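Structure first, commentary second.
Computed from the coordinates by the stated procedures, all read-outs in this text should not be read as laboratory data. No experiment lies behind these values; they were computed from the predicted model shown. For neighbour counting, all protein chains shown are included, and Cβ atoms are generated from backbone atoms with ideal geometry for every residue, glycine included.
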Amino acid sequence: MTIWQMLKSGGITIYVLLACSILSVAIIIERCLYYRRRSKVKRAEFMSVIAKELAKGNTNRALDTCRGVDTPFSSVVYSGLNLAGHNEMLISNTMEREISIEMIKLEKYTSIVGTIGSTAVYIGLFGTVLGIIRAFHDISVAGSGGISVVISGISESLASTAMGLCVAVPAVIAYNYFTKKIDNFTTDMELCASEIMDLLAHLKHSRQAS
């Protein structure tokens, strides 16, 4: 069966699945590029630079370093360093809010991929059921036709299920990958927030001691 025959035999559900596939692929490509761009810098290396600048008392240099790095945890660190010298609760709450903002950016569109992955198979099955109903209806109207006619109609209707699986499997894999990446980003942000609190506390004590 050619692709055109598949589209023709599957009916409206094939076109719905085709639209879902195009949307899913577009989001997968966009998110992969986005995550790749925002994960070029490693957290340990970044925090090492920040710690050295703070040890020298160069808070402004540390802020410049944050501005020069496009990662979720650099935004969290920047929000904390920008309030250096203020109340610890204020700094902690500010970084928590920044983590929430970054998570919203990271999770953007991912729920669409997850929804497509979980519903595409059912859309395909719906198309198959409609195809089978149509095949038996055609036989009853014609009043003739053997097993070959039934098998032919069912084989054509199963194209919807096949299409549904082709759309669902990549979407589910991509969604699981996105979830893991977001978890990794979240862990990095939380670790950076904790480290910044320790570094700022140490910096505050050093200034008081001197």
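What do you get when you divide the Cα radius of gyration of segment 3-205 by 2.2 N^0.38 Å, with N the number of residues? Could the numbers behind the result be given before it?
Details: Rg = 26.7 Å, N = 203, 2.2 N^0.38 = 16.6 Å.
Against the empirical 2.2 N^0.38 Å value, I get 1.61 for segment 3-205.
Quickly rank 19-25, 121-127, 81-87 as a protection proxy: mean count of other C-beta atoms within 10 Å, highest first.
Top to bottom by mean Cβ count within 10 Å: 121-127, 19-25, 81-87.
With +1 on the Cβ of every Lys and Arg and -1 on the Cβ of every Asp and Glu, and nothing else charged, how large is the dipole of segment 62-138 about its Cα centre, in debye rounded to the nearest 20? Numbers along the way, then the final one.
Details: 5 positive and 8 negative charges, 58 e Å.
Roughly 280 debye for segment 62-138.
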K42: which lysines have alpha carbons under 25 Å from its alpha carbon, excluding same-chain residues fewer than 8 sequence positions away?
-> K52, K56, K105, K108, K180, K181
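Estimate the FRET efficiency between N93 and R134 by the formula 1/(1 + (r/R0)^6), using the beta-carbon distance for r and 45 Å for R0, to the nearest 0.05. If you can, show how the numbers build up before the last one.
Details: r = 60 Å, r/R0 = 1.34.
The calculated FRET efficiency here is 0.15.
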How large is ³J(HN,Hα) for each residue in segment 176-191, as worked out from phi by the Karplus curve 6.51 cos²θ - 1.76 cosθ + 1.60 (θ = phi - 60°), to whole Hz, x for Gly and Pro?
-> 5, 5, 4, 4, 5, 4, 5, 4, 5, 4, 5, 4, 4, 5, 5, 5
